[in-house]
Amino acid sequence: ENVLVVGHRKVSEKSRDRKTGRALIINKKGEIERSLYVGQEGTVINNGALLLNENLILSGATPNARGGMSGFVCKISPRGNVVYNYTPAVGEVCDWFNVLGSKTTEYVNAAFSTTSDKGSSVVRIDENGSPFFITKLPDPTFKIEKMSSNVDGEIYLVGQGVQVGGCVIKIRPEGDIVFQKQIVPATSETKLDKLIVYNTGELLVGGNDTQNAFYALLRNDGTELSFNVDRGVVAHIANNP
């Protein structure tokens, strides 16, 4: 099987480091089969997926005309051509995306998070880069820590914001928010960054504040099946297959 490696390279020029997004595909012999650079100088790739048809989906952050950064998701053909490069109006980095669909229909759920309290958004785009919906999250300070999509196209997010604390958000396949449930109270160091979505629909989430660890098992409508608070930090969660 091939291995996809994504990230960025730095080029030093006049005491400045210029980042350029890069992706490598390495075969089972350890040989580099494909090597490509993505975006202008300053681009960083944070996530990637190699599809069965050998198309690449890549995401991260790239400089914008306003002098800041914007999140992006792009699709690269096997020949290295850019099929689309989607950049939203809201969200400065894309760390999370899910590729869903069938052999004939492909779509991507992508989470664009804020890094400077200017708003986050979730977007579903088709195989040509056109959005089905764009959902801006209500709390402009909400930072997305993790996203997961199930086979029905429902989207689940965990993260934290000044207004909502550490919460889990569910979004329907049509783009509207089903619930926004607080798990960790809002503090200066609120963190909700653990998420597992079970095949049966339940959610397992975990996070921390300045003193306590929080973890909860929820139904897919947000109802708590169990909720626990303990001293310490939730470093990892896992499920028993």
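The values are calculated or read from the model by the stated rules, or taken from the named source; none is laboratory data. These numbers come from a predicted model, not from an experiment. Cβ: placed from backbone, ideal geometry, glycine included. Neighbour counts: every protein chain shown. Accessible surface areas use protein heavy atoms only, side chains included; no ligands, DNA or RNA. Shrake-Rupley method; radii C 1.70, N 1.55, O 1.52, S 1.80 Å.
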| field | Spatial separation of Cα centroids for the range 201-224 and the range 154-191, in angstrom | value | 11
| task | Step through the residues of the range 50-67 one at a time and calculate ³J(HN,Hα) from phi using the Karplus curve (6.51 cos²θ - 1.76 cosθ + 1.60, θ = phi - 60°), rounding each to whole Hz and writing x for Gly and Pro. | result | 9, 7, 4, 7, 6, 6, 10, 10, 10, 8, x, 9, 9, x, 10, 5, 8, x
| remark: Carbon plus sulfur, as percent of the 1.4 Å-probe accessible area of the range 26-183, comes to 48
| field | Choice from A61, A23, A110 with maximal GNM fluctuation in the chain (Cα, 10 Å cutoff) | value | A23
| query | Which of the lysines could a cross-linker bridge to K143, judged by Cα under 25 Å and excluding same-chain residues fewer than eight apart? | reply | K19, K75, K118, K170, K181, K191, K194
| message | Let's test the formula: R0 of 35 Å, r as the Cβ-Cβ distance of N53 and V233. What FRET efficiency results, to the nearest 0.05? | response | 0.25
| message | Once R0 is set to 25 Å, what does the formula 1/(1 + (r/R0)^6) return for the Cβ-Cβ distance between V82 and I177, expressed as a FRET efficiency to the nearest 0.05? | response | 0.20
| Accessible area in square angstrom per residue, the chain, 1.4 angstrom probe | 52
| Based on Cβ point charges of +1 for Lys and Arg and -1 for Asp and Glu, what charge dipole magnitude is obtained for the range 1-74 about its Cα centre, in debye rounded to the nearest 20? | 340
| request: Provide the three semi-axes, in whole Å and in decreasing order, of the ellipsoid equivalent to the range 175-241 as defined by the square roots of 5 times the Cα gyration tensor eigenvalues. | output: 20, 15, 10
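Quick one: putting +1 on the C-beta of Lys and Arg, -1 on the C-beta of Asp and Glu, what dipole do you get for the chain around its Cα centre, in Debye to the nearest 20?
Working: 26 positive and 26 negative charges, 162 e Å.
Dipole of the chain, to the nearest 20 debye: 780 debye.
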